[in-house]
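To keep things clear, I will list the structure first and then write my remarks on it.
What follows draws every value from the coordinates through simple rules; no lab data is involved. The shown structure was predicted, so the numbers you read here are calculated from the model rather than taken from an experiment. Because the Cβ atoms are built from the backbone with ideal geometry, glycine has one as well, and the counts that use them run over all protein chains shown.
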Amino acid sequence: MFLRNDHGLELGGGGIATPAFAAVPGTALSTQLKRRFFADLDLAPDLGARIGSLTWYRGVATCIGLCALTVLMAPGFETPIYGTVAPALTGAEWDAARAQAITPLAQGATTGYRVAATRLVSPLTDTPERPMIEGTAKLAFGEALVSVLQRTGVGKADATQVGQLVSSAMPLGEIQSTLLDYQLGRRPEKSQPRPLEKLELRAAFDKRMEITRVGASLNLKVIPIAIDHTPLRVQGAVGSSLYRSARAAGAPAKAVESYIRTLATRVPVARLGSDCKFDIIVKQARAATGEVQLGNLLYAGVSGCDDKVQMMPWESNGKIEWFDGAGKGNKTGMMAMPTNGRFSSAFGMRRHPILGYTRMHRGVDIAAPWGAPVYAATDGVVQFAGRSSGYGNFIKLDHGGAFGTGYGHLSRIVVRSGQSVRKGQVIGAVGNTGLSTGPHLHYELYKNGVAVNPRSVAFSSLRQLTGSDLGEFRSKLNQLLSVPVGRGAEKDED
């Protein structure tokens with residue numbers, strides 16, 4: 001609320017101009033003269049009608065005369081119109097104005113009347129304390145439980161006892177980033193800390209702890225939380241973008257990325273039509289309190305088109321690998337698709353679109369959107385990562401056994417020379433650097449240092465489940481395929 005002495009702009013300009021002439025009331029004589037001599041005289045006719053007539057010219061003359069009179073009577077810009085500003089309020093007037101103002105106390109307002117204490121007010125010998133204090137503290141990552149409790153006002157003895165009780169149920173290091181709801185009771189003296197009456201915390205996803213005071217000691221109660229391990233199943237049409245369609249259907253981002261990498265080992269993702277149907281099953285844990293945790297990808301499938309894929313992870317010989325519905329694993333030595341896109345230029349002699357002459361195209365071009373992730377085709381070590389003439393931003397990987405791969409025209413590089421990478425790991429992003437006419441990935445494959453056609457990679461071996469492993473694998477696969485879309489019916493094994 002603004003007071004009158006805060007601003008004086010309400011009187012600026014012509015706001016305080018006093019009229020020079022007052023209205024003159026008409027008389028009966030003047031009214032009779034107007035009716036007798038000027039009854040048919042129209043000094044302000046419609047200039048849009050009867051153009052060129054005597055009445056029209058009379059109206060034009062009236063308009064010109066009024067404009068000329070206005071110009072002659074105008075005071076001009078060189079003569080300012082002064083306004084007066086009311087003086088600031090002082091003394092009793094200022095106190096009265098402040099008493100009528102309302103401003104927030106949180107901002108240090110001092111408005112309103114100040115009234116002295118009357119005989120009805122009794123002075124207190126001591127300020128009373130609240131009998132109970134309730135609050136919430138956060139145990140951040142890396143903080144000690146005892147120190148957090150002491151910071152909230154809990155005494156050292158109670159905080160130490162709480163730490164001992166909690167550590168007897170589970171390691172304190174496993175309790176990270178959780179909220180502590182506490183209650184502090186009445187203390188005997190102000191110099192003493194308040195006693196801890198109650199403490200509640202979410203110790204883990206499947207358990208919470210409650211510490212209450214019974215007499216002079218604290219007791220711990222561990223309350224388990226029911227967890228429903230129901231896999232999350234998401235299905236839908238591939239549409240114009242597999243990633244966007246899967247995300248729109250409710251699949252987590254990390255699960256979709258794993259799904260695409262898994263499919264790329266069996267079928268080029270760019271070959272999937274818009275009518276193809278994706279099938280994603282993700283590990284999920286839902287607590288009775290409403291929280292949900294999503295885990296790893298449990299199943300990757302494609303149906304409804306020429307390419308039908310069913311993939312599920314399985315532990316074999318102490319290593320988790322992906323197998324299809326027939327129990328066949330991935331082919332070792334196979335190069336995964338370095339990015340999600342379509343082949344736009346083949347390996348071999350061709351006319352360079354920028355240089356204008358024919359020369360050897362040492363790799364293949366994969367058209368993809370600017371910024372799309374680029375993956376390592378297989379396990380290897382970064383031999384080079386940086387700028388390389390016509391390649392622009394370029395990465396070269398050494399895969400051992402005389403094989404290597406190259407990735408050019410990148411917009412971003414996220415690895416460094418000498419770094420080890422795994423198959424499917426993001427190493428950069430599609431770009432348009434170097435001698436490039438548009439966003440795409442230039443992909444090369446080397447054998448003994450010589451560039452060869454990347455689309456002519458030979459496969460070396462194939463894993464196949466047999467016997468009891470194959471039977472257990474198919475049983476687990478059938479259980480996953482029976483899960484309804486959007487929810488699960490079976491308990492997921494940890």
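Scoring 267-273, 158-164 by mean Cβ neighbours within 10 Å over their residues and listing the highest first yields 158-164, 267-273.
The slack between Asn432 and Asn448, meaning 0.36 nm per residue of separation minus the straight C-alpha distance, is 2.9 nm. Approximating the spin labels as points 7 Å out from Cα along Cα→Cβ, the Ala101-to-Arg422 distance works out to 6.6 nm. For the pair Ser345 and Thr62 in one chain, pulling the backbone fully straight at 0.36 nm per residue adds 93.7 nm over the alpha carbon distance. Pairs from the list Lys277/Lys396; Lys207/Lys254; Lys221/Lys254; Lys221/Lys319 with a Cα-Cα gap above 29 Å: Lys277/Lys396; Lys221/Lys254; Lys221/Lys319. Give me the one-decimal nm value for the distance between modelled label points at Ser122 and Ala253, 7 Å along each residue's Cα-to-Cβ direction. Each label point lies 7 Å from its Cα, and together they span 6.4 nm. Between Phe77 and Thr289, the contour length at 0.36 nm per residue exceeds the alpha carbon distance by 68.8 nm. Tell me, what is the FRET efficiency for Lys277 and Glu472 to the nearest 0.05, using R0 = 35 angstrom and their Cβ-Cβ distance as r? Between Lys277 and Glu472 the formula returns 0.80. Ordering of 421-428, 379-386, 185-192 by packing is 421-428, 379-386, 185-192, highest average first (other Cβ atoms within 10 Å, averaged per residue).
Legend: calculated FRET efficiency, Arg187 to Ile225, from the Cβ-Cβ distance at R0 = 30 Å, rounded to 0.05, equals 0.35.
Legend: calculated FRET efficiency, Ser177 to Leu89, from the Cβ-Cβ distance at R0 = 60 Å, rounded to 0.05, equals 0.60. The alpha carbons of the range 133-224 stretch over 39, 25, 20 Å along the principal axes, in descending order.
Which residues' amide hydrogens lie under 5 Å from the amide hydrogen of Leu89, considering only partners 5 or more residues apart or on another chain, with H built in the peptide plane? Amide H neighbours of Leu89: Asn5.
Packing-based ranking of 392-403, 468-479 yields 392-403, 468-479, ordered from highest to lowest mean Cβ neighbour count within 10 Å.
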